[in-house]
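K.L.:
Right, I'll just put the structure down here and ask away after.
The values are calculated or read from the model by the stated rules, or taken from the named source; none is laboratory data. All of these numbers come straight from a predicted model, not from anything done at the bench. Positions of Cβ are generated from backbone atoms using ideal geometry, with glycine treated the same way; all protein chains shown enter the neighbour counts. The accessibility values were calculated without ligands, DNA or RNA, using every heavy atom of the protein model including side chains. Shrake-Rupley method; radii C 1.70, N 1.55, O 1.52, S 1.80 Å.
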Amino acid sequence: VKDVPKEKGVLNREEVQKLFSIHDPDIRIDCLVKLAVLTGMRRGELRGLRWEDIDEKERLIHVQNNFQDLEGSKGCKCGSARYVVLPSVIIPLFHEVRKFSNFTEPEDFVFYSASKSPDEPVSGEVIKTGFVRILAEAGISQTEQKERNITLHGMRHTFITLARYAGLPDAEVMALAGHK
């Protein structure tokens with residue numbers, strides 16, 4: 001019998017509201033997690049995000065980079081480069097991230113590495129640790145996170161679920177999430 005992959009856990013509306021009431025001490029992680037929930041961006045896309053990809057005036061994010069540890073920066077998965085709406089609640093968080101970053105040139109990573117190198121974004125391990133911490137702060141224990149299989153990738157599923165609840169047509173949701 002073939003193993004069936006466990007479905008990714010999704011946060012409900014109340015949990016999302018609780019998550020947005022929390023302000024994690026690591027502004028990079030605080031912003032990254034909230035951006036994942038509101039845009040459905042993949043982890044590699046979040047890590048690959050550069051300041052030049054953010055257009056505050058037009059309220060858009062150009063999702064065009066993907067950062068993977070062994071491969072570095074590359075294009076998006078399966079040619080899924082796209083524009084997503086820059087949620088207004090994220091703009092002040094971006095300003096906070098920028099204020100604490102040593103890397104603010106257009107080509108620099110938004111979610112910078114604390115290693116003082118502009119060549120790498122925040123590590124996957126720092127993201128994972130911060131995500132677990134934020135969920136625990138929101139009242140979802142590590143045990144419950146495991147039981148429900150809540151991962152950062154699950155925030156894509158949360159975004160899709162919330163977008164469908166909001167009445168967006170499937171074609172729009174797929175385009176926003178970068179699905180083919």
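K.L.:
Does VAL173 count as assigned to a helix (DSSP H, G or I) and at pLDDT below 95?
P.N.:
yes
K.L.:
Any idea how many residues of the stretch 72-106 are more than 17 Å from LEU38 (Cα to Cα), of a type in the set (A, V, I, L, M, F, W, C) and outside any loop (DSSP other than H, G, I, E, B)?
P.N.:
Qualifying residue count for the region: 3.
K.L.:
Also, quick follow-up: In the stretch 34-71, how many residues are assigned to a helix (DSSP H, G or I) and touching a Pro at 6+ places or on another chain (Cβ under 6 Å)?
P.N.:
Of the residues in the stretch 34-71, 4 are assigned to a helix (DSSP H, G or I) and touching a Pro at 6+ places or on another chain (Cβ under 6 Å).
K.L.:
Filter the stretch 107-125 down to residues that are touching a strand residue (DSSP E or B) at 6+ places or on another chain (Cβ under 7 Å) and surrounded by fewer than 15 Cβ atoms within 10 Å (Cβ to Cβ), then give me how many there are.
P.N.:
Qualifying residue count for the region: 1.
K.L.:
Restricting to the stretch 107-155, and then to whatever is assigned to a helix (DSSP H, G or I) and among the hydroxyl-bearing types (Ser, Thr, Tyr), can you tell me which residue is nearest to the chain's Cα centre (by Cα)?
P.N.:
The residue in question is THR129.
K.L.:
Can you say whether PHE94 is under 18 Å from GLY72 (Cβ atoms), open to solvent by less than 80 Å² (accessible area, probe 1.4 Å) and either in contact (Cβ under 8 Å) with a residue 12 or more places away in the chain or among the aliphatic types (A, V, I, L, M) (or both), as far as the supplied structure shows?
P.N.:
No: the conditions fail for PHE94.
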